[in-house]
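Rule-based calculations on the coordinates, nothing more; no lab input. Predicted model, so just to flag it, every value in this text is computed and none were measured. A quick note on method: Cβ atoms are made from the backbone with ideal geometry, for glycine too, and the neighbour counts reach across all protein chains shown.
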Amino acid sequence: MSDDKLQEAIDTLRNYGVRITPQRHAVLEYLLNSMVHPTADDIYKALEGKFPNMSVATVYNNLRVLRKIGLVRELTYGDSSSRFDYNSTEHYHIICEECGKIVDFHYPTLDEVESLAEQVTGFDVSHHRMEIYGKCEKCQQLEPQEH
Ligand SMILES: [Zn+2]
Ligand SMILES: [Zn+2]
């Protein structure tokens, strides 16, 4: 379904002179088709059957390469494990406070906030981060209704 996107990503890698190893290809493909913002460990677990010799470190190295050239975004939340996201279009995230699920949320980029912040503070703004928190539908259902 996202073959075009995969091809596009592979072209980008080629343009940057990055070698496309079977593992790198698989990591990229997994991220492209994943809606769940996996951790490096999740990716490792999903792919270890296919690549028995691959280590978590290999997954990390591949993610680092993909992040460097801007194909992948790393989401850090101050805990041990970063989540990884294929960097397609600008989007925001809504995060479940119960189960930690991260869902894409499309909303026009808040450019005005950045320019206002620059004006007010004199900073050279590089980016901003906005996250919305709550309880996902699944977790709402798990919660017994109080009467
Ligand atoms: Zn949840
Ligand atoms: Zn996302």
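Residue-wise, which Karplus ³J(HN,Hα) couplings in Hz belong to the range 134-140, taking 6.51 cos²θ - 1.76 cosθ + 1.60, θ = phi - 60°, and x for glycine or proline?
These are the phi-based 3J(HN,Hα) values: x, 10, 5, 4, 4, 5, 5 Hz.
Could you tell me the calculated FRET efficiency between HIS25 and VAL120, based on Cβ-Cβ distance and R0 = 41 angstrom, to the nearest 0.05?
0.35
Given R₀ = 22 Å, what would the calculated FRET efficiency be for ASP11 paired with ASN33, taking r from the Cβ atoms and rounding to 0.05? Don't skip to the end; give the middle numbers.
On the way: r = 18 Å, r/R0 = 0.82.
Efficiency, from the Cβ-Cβ distance: 0.75.
How large is the charge dipole for the range 89-147, taken about the Cα centre, if only the Cβ atoms of Lys, Arg (+1) and Asp, Glu (-1) carry charge, to the nearest 20 debye? Mind dumping the intermediate values first?
Values: 4 positive and 13 negative charges, 47 e Å.
So the dipole magnitude of the range 89-147 works out to roughly 220 debye.
Over the chain, calculate the relative contact order: mean separation of alpha carbon pairs under 8 Å at least 6 apart, over the residue count, as a percent.
18
Would you mind getting me the FRET efficiency between GLN140 and PHE105? Use the beta-carbon distance for r and R0 = 22 Å, nearest 0.05.
On the way: r = 17 Å, r/R0 = 0.77.
Efficiency at R0 = 22 Å is approximately 0.80.
Could you run the Karplus curve 6.51 cos²θ - 1.76 cosθ + 1.60 with θ = phi - 60° over the range 124-130 and give me ³J(HN,Hα) per residue in whole Hz, x for Gly and Pro?
Couplings: 9, 6, 9, 6, 9, 9, 10 Hz.
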